[in-house]
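I have placed the structure first, in the form of structure tokens, so that the comments after it can refer back to it.
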Amino acid sequence: MNYKTFTAVPYGPKLGAEILDIDLTRPLLPECETELKQAFLDYQVLFFRDQKISFDDHARIAELFGPLGTHVGKKTISKPTDHPAVRRFHADETSKKVSGDVWHSDQSCAAIPPMASMLYIHTIPPMSGGDTMFASMYAAYDALSDRMKTYLEGLTAIHDGAPIFGEGTPASEHPIVVTHPESGRKLLFVNVAFTTRVVGLSEVESKHLLAFLFEHCALPEFQIRFRWQAHSIAFWDNRCAHHRAIFDYWPHVRSGYRVQIEGTDRPRADLDTKAEAAA
């Protein structure tokens, strides 16, 4: 893709681009904002290097894409900061677990899951490690056989946040095949962290269908692996990309901050349904 205000270097064949020649510590020109929004849709996840952003910078950049949101979990590993929209993600020698160490889409248990997340890492382990993996759910859907696509159309599944975030965290029912509200592309919307059962199937049928889908979504052909450097940013579209944090750096420190952007509507199987509901 060609952009006038920055350079986008593809990170992998299915998703991801590193954005060069941009300074996120300064307000962006309107043309740059427009192109950045397009690149976000084009690549599903954007990466930035050498961006020593403040909390206010972090929130300002994210708010270009929508209102900032709050975590729906009752208990989380991440911690609040003195900025209401920014959460701290820190691991060190005392950490036994880190956030997001299985494939997932952020808080898909919510009735309206977050649209996107922007993670800024300022401190990385001394000998590398702590990579984040991403996978395209467009690619996962496209790779299914026509017969499987037909079978999955119309099925829904329960996404339950309580096993990870504690009682009182919501559970929601979402279609297994979703249409992205902006790109119009179909994708798979299940993940091993939150999706617990398929509605309308027996327990055995649901178990085996989800096992297949989880394995399929995690195929390396759909993935990229982002190697962090100090003061890097990863910004992903939660509606169409899975991600997974790799906790291979204990007892070293990996530390940063994240903001999330609110979703605008429930995941839907068909954009026509959305239009009818609004009419």
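The values are calculated or read from the model by the stated rules, or taken from the named source; none is laboratory data. Computed from a predicted model, the values in this text were never measured in an experiment. Please note: Cβ atoms are built from the backbone with ideal geometry, for glycine as well, and neighbour counts cover all protein chains shown. We work out accessible area using only protein heavy atoms, side chains counted, and drop any ligands, DNA or RNA first. Shrake-Rupley method; radii C 1.70, N 1.55, O 1.52, S 1.80 Å.
Exposure check, 1.4 Å probe, all protein chains in place: Ser206 carries approximately 10 Å² of accessible surface.
Enter the angle in degrees (range 0 to 90, nearest 10) between the Cα long axis of helix 203-217 and the first principal axis of the Cα atoms of the chain, meaning the one along which they spread out most. Between the helix axis and the principal axis of the chain, the angle is about 40 degrees. The phi torsions of the stretch 254-269, fed into the Karplus equation with coefficients 6.51, -1.76 and 1.60 and a -60° offset, translate into couplings of 9, 8, x, 9, 9, 10, 10, 10, 4, x, 10, 7, 5, x, 10, 6 Hz, rounded to whole numbers, with Gly and Pro shown as x. In the chain, the longest principal axis of the Cα atoms and the axis of helix 30-43 are about 50 degrees apart.
Of the trypsin sites (Lys or Arg not before Pro) in the stretch 1-109, the ones in a loop by DSSP (not H, G, I, E or B) with at most 14 other beta carbons within 10 Å are Lys4, Arg49, Lys52, Lys74, Lys75, Lys96, Lys97.
Subtracting the Cα-Cα distance of Leu41 and Thr25 from 0.36 nm times their residue separation leaves 3.5 nm of extension gain.
At 222 nm, what value in deg cm²/dmol follows for the chain if DSSP H runs of at least 4 each add -39500 (n - 2.57) and the sum is divided by all its residues, to the nearest 500?
Mean residue ellipticity, 222 nm, calculated: -6500 deg cm²/dmol.
Total lysine pairs in the chain at Cα distances under 19 Å, for residues eight or more apart or on different chains: 11.
As a fraction of the 1.4 Å probe accessible area of the stretch 112-256, surface on carbon and sulfur atoms comes out at 55 percent.
Amide H contacts under 5 Å for Glu18: Val9, Tyr11, Phe47, restricted to partners 5 or more places along the chain or on a different chain, H placed in the peptide plane at 1.01 Å from N. Beta-bridge orientation, the chain: approximately 95 percent antiparallel, per DSSP, counting only bridges with both partners inside. Glu262 contributes an accessible area of around 70 Å² to the protein surface, as traced by a 1.4 Å probe with all chains present. With protein chains left intact and a 1.4 Å probe, residues in the chain average 48 Å² of accessible area per residue.
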